[in-house]
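Data block below; observations after.
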Amino acid sequence: MSGVALRIWLLHPAPASRRQARLGRWYRAWRGLSRNGLAMAGLFIVVALVLMAIFAPLIADRAAVTTQSLATRLQFPSAEHWFGTDELGRDIFARVVFGARITLTIVGLVSAIVLPIGLGIGLPAGYFGGWPDAVLMRLTDIFLAFPRLVLALAFAAALGPGIENAVIAIALTAWPPYARLARAETMTRRDAEFVQAAVLQGASHGSILFSQIVPLCLPSVVIRLTLDMAGIIVTAAGLGFLGLGAQPPAPEWGAMVATGRQVLLTQWWVATIPGLAIVITSVGFNLLGDGLRDVADARSA
């Protein structure tokens, strides 16, 4: 099938199958996203981060991440050390590259925890209403009453330092917005005709939730998650900065900023470069999330 024929097939106003309709929706979404220059810039940053994490051993020397050499400590960026060296003589470029793996690991694990919790609380609250809604939403309000970073610090301090505990602490503070969003999406659809048709056919509540409502709620939740990834990254960096995240010698960006602050006025690159990595990554996720939100709003208009 040629490119023109494929495009006509994807954009056909009367799709002949579910597969054609599904692929057509994805194609229209991609066309809308590709017209947004800032969204494409964010997508480029995110894809570059993922590729850097995957191919880190091909980009930088793994040994340079932990190799200490006082003879080369605090060297200015050069052809030998592109981003300079830190206070222990470790190559900052290699540590930033391999630090992308830690950042993506935290983002992935938090997402894997937050989405089920948010959907698991928001869906039944919005679908059943009544006392389940009151109980689940009051629980959500309790978590929303505390600033996310402060609550994450409290959980991390109680659980102890380490990347696993940092992931748990961030996830425990990040799920309430997703629960509220899932509840709102469910409430707008629980009385829809297709839900009533499923009830008349004898479908169980669980079947209706998972087969009818979840697919409609998931895009909004995923877009919200993309927008929140910048906050997750900053929170993880904050925990690392305070020594509650990934522990040395792991090349975590927040911990690198913490060690570099001691020589910030004289050897600025030690803290500035991992700080720029945090900023660029956060901006990339924000731009991509804004673009996805604009596409979703245009499709729902």
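A compact table of results
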item	result
Identity of the residue in the range 58-82, surrounded by fewer than 13 Cβ atoms within 10 Å (Cβ to Cβ) and part of a helix (DSSP H, G or I), that ends up modelled with the lowest pLDDT	Leu70
Options Leu10, Leu43, Leu33: the member that is touching a Gly at 6+ places or on another chain (Cβ under 8 Å), crowded, with 16+ Cβ neighbours inside 10 Å, more than 30 Å from Met256 (Cα to Cα) and at pLDDT 80 or above	Leu33
Checking Gly254 against (1) touching a Lys or Arg at 6+ places or on another chain (Cβ under 9 Å); (2) crowded, with 22+ Cβ neighbours inside 10 Å; (3) over 19 Å from Val114 (Cβ atoms); (4) not β-branched (Val, Ile, Thr), the condition it does not meet	(1)
Subset of the range 99-134 that is within 24 Å of Thr188 (Cβ to Cβ) and surrounded by 22 or more Cβ atoms within 10 Å (Cβ to Cβ) - its residue that is nearest to the chain's Cα centre (by Cα)	Val114
Failed condition for Val295, given (1) over 21 Å from the mean Cα position of the chain (by Cα); (2) surrounded by 15 or more Cβ atoms within 10 Å (Cβ to Cβ); (3) not polar (S, T, N, Q)	(1)
One residue from Ala169, Ala182, Ala125, Ala197 being assigned to a helix (DSSP H, G or I) and either among the β-branched types (Val, Ile, Thr) or closer than 26 Å to Leu244 by Cα (or both)	Ala169
Residues (among the charged types (D, E, K, R) and either surrounded by 13 or more Cβ atoms within 10 Å (Cβ to Cβ) or closer than 21 Å to Leu288 by Cβ (or both)) located in the range 13-30	Arg25, Arg28
Residues located in the range 3-57, provided they are under 30 Å from Thr103 (Cβ atoms) and in a loop (DSSP other than H, G, I, E, B)	Arg35, Asn36, Phe55
For Val279: the one exception among (1) part of a helix (DSSP H, G or I); (2) surrounded by 17 or more Cβ atoms within 10 Å (Cβ to Cβ)	(2)
Some residue of the range 46-56 being farther than 30 Å from Pro248 by Cβ and either modelled with pLDDT of 80 or more or not aliphatic (A, V, I, L, M) (or both)	no
Any hit, the range 146-166, residues being surrounded by 15 or more Cβ atoms within 10 Å (Cβ to Cβ), under 23 Å from Ile223 (Cβ atoms) and over 19 Å from the mean Cα position of the chain (by Cα)	no
Contacts under 6 angstrom Cβ, first residue in the range 275-299 being more than 18 Å from Val50 (Cβ to Cβ), partner of a type outside the set (A, V, I, L, M, F, W, C) and assigned to a helix (DSSP H, G or I), 6 or more apart	Val295/Gly32; Ala298/Gly32
Residue ID - nearest to Ile223 (Cα to Cα), chosen from residues in the range 185-194 that are of a type in the set (D, E, K, R) and part of a helix (DSSP H, G or I)	Glu185
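This table checks each residue for (1) out of contact with any helix residue (DSSP H, G or I) (no Cβ under 6 Å at 6 or more places or on another chain); (2) over 19 Å from Pro248 (Cα atoms).
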{"position": "Gly32", "(1), (2)": "no, yes"}
{"position": "Thr85", "(1), (2)": "no, no"}
{"position": "Gly99", "(1), (2)": "no, no"}
{"position": "Ile102", "(1), (2)": "yes, no"}
{"position": "Gly108", "(1), (2)": "yes, yes"}
{"position": "Ile113", "(1), (2)": "no, yes"}
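The values are calculated or read from the model by the stated rules, or taken from the named source; none is laboratory data. What you are looking at is a predicted structure, and each value in this text was computed from that prediction instead of being measured. When we count neighbours, we look across all protein chains shown, and the Cβ atoms used for this are built from the backbone with ideal geometry, even at glycine.
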